[in-house]
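Some notes on the structure that comes next.
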Amino acid sequence: FNEAHILAIAQAVAEYRKSAGIFGPLLIGMDTHALSEPALRTCVEVLAAWGVEIVIQDNLSTTPTPVISRAILVWNRERSALGGTADGLIITPSHNPPEDGGIKYNPPNGGPASPEITSWIQNRANELIGDGVEKVRRVSFEKALKTETTRFYDYILPYVHDLRHVVDMDVIRDADVRIGVDPLGGAGVNYWDPIASIYGLKKLEIVNRRVDPAFAFMTLD
């Protein structure tokens, strides 16, 4: 997981979207791994150069995978007729150790890419690496952020408000359950305060607000 691979994957995704007729926004999130933000910046540089509309979390903070999945589904249900179909990228290797990085592509169904899609992107990325990634189209990160196709968005509150449709938050609140939360290395660290506030969970306590950069809680096996 290095600069060359990230450049190649980002361009392969841009080319796949074009070939598949996906022209809506590409919703991007990332986790807390040390390599995630640099990788996100590289992806943004490539995608902006390709004119892809990209939507990034405000302040470049972290975004859990289910949040991007939900945002894709909501866009495609409510607004796809206005601006094309949405899909997503999550800069995360999921449950891998901290020295590993990764990128997930989520197609318009909001779930993980199928083996066929993954193979298409993988094969094209390998071709780009073989040809030399200096040929990959990119712009500077600063320029990418200023393009009209790049915008910031707060994914947090729409996701938190939508939880009431899948979880009976009133039952949890009325039961007066005491809840302790430790985010460990999780990208959801910024979601618990809004959940507690919006749903009146007065006994939800975040016992640790520090994300462990070494992922010491996760064994290699």
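Here are some notes:
- Applying 1/(1 + (r/R0)^6) with r as the Cβ-Cβ distance of Glu15 and Asp162 and R0 = 35 angstrom yields a FRET efficiency of 0.60.
- Nearby aspartates and glutamates by direct alpha-carbon distance to Lys146 (threshold 16 angstrom, same-chain neighbours under 8 apart not counted): Glu45, Glu53, Asp58
- Estimated translational D of region 145-221 in µm²/s (Stokes, Kirkwood radius over Cα pairs; 20 °C; 1.002 mPa s): 146 µm²/s
- Whole-Å distance, taken between Cα centres, linking region 132-199 and region 107-127: 24 Å
- Helix 36-49 axis, angle to the chain major axis (alpha carbon atoms, nearest 10°): 50 degrees
- With every protein chain in place, region 1-139: carbon and sulfur % of accessible area (1.4 Å): 53 percent
- Fraction of antiparallel bridges per DSSP, the chain only, in percent to nearest 5: 15 percent
- Compared with the dominant principal axis of the Cα atoms in the chain, helix 65-78 is inclined by about 80°.
- Here Glu116 sits with roughly 130 square angstrom of accessible surface, probe radius 1.4 Å.
- Each Lys and Arg contributes +1 and each Asp and Glu -1, all at the Cβ; summed about the Cα centre of the chain, the dipole is approximately 480 debye.
- Convex hull volume per residue, computed on the Cα atoms of the chain, equals 135 Å³.
- Other residues whose C-beta falls under 12 angstrom from the C-beta of Arg137 contribute a net charge of -1, scoring Lys and Arg +1 and Asp and Glu -1.
- Of the three principal axes defined by the Cα atoms of region 100-186, the extents in descending order read 61, 35, 27 Å.
- Label-point separation, Ala216 to Ala34 (7 Å along Cα→Cβ), nm: 1.5 nm
- Based on protein heavy atoms only, the chain ends up with 52 Å² per residue of surface accessible to a 1.4 Å probe.
- The long axis of helix 115-131 is offset from the longest Cα principal axis of the chain by roughly 50 degrees.
The values are calculated or read from the model by the stated rules, or taken from the named source; none is laboratory data. Everything numeric in this text was worked out from a predicted model, so none of it was measured. Backbone-built Cβ (ideal geometry, glycine too); neighbour counts: all protein chains shown. Side chains included, ligands, DNA and RNA excluded: accessible areas come from the protein's heavy atoms. Shrake-Rupley method; radii C 1.70, N 1.55, O 1.52, S 1.80 Å.
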